[in-house]
């Protein structure tokens with residue numbers, strides 16, 4: 001990373017910009033999740049995915065234009081982009097379907113277990129060394145997930161199994177993105193993912209059908225893509241202007257925001273078991289982040 005970027009991150013004004021853009025990103029993602037849940041009772045998952053990706057191409061294209069044009073999309077890793085996109089789109093489809101079945105706070109908390117899953121996967125896929133502290137956090141995170149997921153015959157009906165698989169796939173895609181960002185710009189990765197989503201969801205619509213939206217729902221479906229695309233860009237801006245240690249923990253506020261929307265719209269109130277599992281997932285996730293930052297700092301000495 002260039003020295004001027006490091007200096008920029010240490011300036012108070014840019015730190016505040018990073019915090020502000022992350023909080024706005026979290027809010028927009030939470031609104032998107034609630035909208036997906038709302039639409040899930042009326043429209044098939046592949047149709048919601050299509051709008052999420054098709055509309056998101058608009059802000060992504062604007063970013064590409066401001067960053068120098070299509071030259072930024074050149075890559076020497078097409079196969080890796082394809083794998084990341086397929087896994088990411090699969091995760092999106094499973095998560096969108098699960099949102100329609102689960103309490104919003106429970107669903108979002110399971111997705112936030114993906115960093116814990118990524119840490120466990122990195123041992124086997126990247127041959128990274130993970131000490132007792134991070135393994136303890138991983139174990140605690142899995143226990144928290146099991147508490148929220150509630151293993152048993154009702155996992156399919158509750159949607160928790162689909163969200164759990166989505167979290168695992170996100171863990172895989174995060175590891176792939178680590179490799180991709182070594183050579184390619186983040187907007188390049190986002191563009192290929194978004195285009196793949198349009199193609200896959202369009203195929204799904206042609207095979208599984210389409211429900212013509214009401215005039216009001218055209219707005220809601222378009223908002224899913226618009227909010228998702230803008231939120232993704234704001235998160236990138238946040239990481240560019242502030243230290244990960246400062247802004248990454250703010251992402252967990254989406255559980256509280258999702259819980260608020262869930263209560264406001266559907267009257268959802270997580271029970272004691274869910275609260276316990278969510279608390280364990282958040283605590284283990286924050287501790288995992290803390291250890292990752294310490295580990296990264298030592299590796300640069």
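Among the residues of segment 134-157, those that are over 21 Å from the mean Cα position of the chain (by Cα), within 19 Å of residue 96 (Cα to Cα) and part of a helix (DSSP H, G or I) comprise 155, 156, 157. For residue 164, the conditions (1) buried (at least 19 other Cβ atoms within 10 Å of the Cβ); (2) on the phi > 0 side of the Ramachandran plot all hold with the exception of (2).
Among the residues of segment 177-202, the ones that are in contact with a helix residue (DSSP H, G or I) (Cβ under 9 Å, 6 or more places away or on another chain) and assigned to a loop (DSSP other than H, G, I, E, B) come to 3 in all.
Considering segment 169-202, and only residues there that are within 14 Å of the chain's Cα centre (by Cα) and at pLDDT 90 or above, the residue that is surrounded by the most Cβ atoms within 10 Å (Cβ to Cβ) turns out to be 194.
Within segment 203-219, residues that are touching a residue at least 12 places away in the same chain (Cβ under 8 Å) and at positive phi sit with their Cβ atoms under 8 Å from residues that are part of a loop (DSSP other than H, G, I, E, B) and surrounded by 12 or more Cβ atoms within 10 Å (Cβ to Cβ), at 6+ positions apart or across chains, in these pairs: 209/44. Output yes when any residue across segment 56-70 is at pLDDT 90 or above, surrounded by 21 or more Cβ atoms within 10 Å (Cβ to Cβ), assigned to a helix (DSSP H, G or I) and touching a helix residue (DSSP H, G or I) at 6+ places or on another chain (Cβ under 9 Å), and no when none is. Yes, segment 56-70 contains a residue that is at pLDDT 90 or above, surrounded by 21 or more Cβ atoms within 10 Å (Cβ to Cβ), assigned to a helix (DSSP H, G or I) and touching a helix residue (DSSP H, G or I) at 6+ places or on another chain (Cβ under 9 Å).
Taking residue 224 as the residue in question, decide whether it is at pLDDT below 90, touching a helix residue (DSSP H, G or I) at 6+ places or on another chain (Cβ under 8 Å) and part of a helix (DSSP H, G or I). For residue 224, the condition - at pLDDT below 90, touching a helix residue (DSSP H, G or I) at 6+ places or on another chain (Cβ under 8 Å) and part of a helix (DSSP H, G or I) - is not met. Among the residues making up segment 203-216, those that are surrounded by fewer than 17 Cβ atoms within 10 Å (Cβ to Cβ) and in a helix (DSSP H, G or I) are 203, 205, 206, 207, 208, 215, 216.
The condition (being part of a helix (DSSP H, G or I), crowded, with 24+ Cβ neighbours inside 10 Å and in contact with a helix residue (DSSP H, G or I) (Cβ under 9 Å, 6 or more places away or on another chain)) is satisfied by just one residue among 107, 91: 107. Residues considered: 83, 101, 73, 39. Of these, the only one that is within 19 Å of residue 254 (Cα to Cα), in contact (Cβ under 8 Å) with a residue 40 or more places away in the chain and over 15 Å from the mean Cα position of the chain (by Cα) is 101.
Given the criteria farther than 30 Å from residue 19 by Cα, modelled with pLDDT of 85 or more and in a helix (DSSP H, G or I), does residue 166 qualify? So residue 166 fails the test. Within segment 254-273, the presence of at least one residue that is surrounded by fewer than 19 Cβ atoms within 10 Å (Cβ to Cβ), at pLDDT 90 or above, over 19 Å from the mean Cα position of the chain (by Cα) and at positive phi is confirmed.
The values are calculated or read from the model by the stated rules, or taken from the named source; none is laboratory data. Keep in mind the model is a prediction, meaning the values are calculated, not measured. A quick note on method: Cβ atoms are made from the backbone with ideal geometry, for glycine too, and the neighbour counts reach across all protein chains shown.
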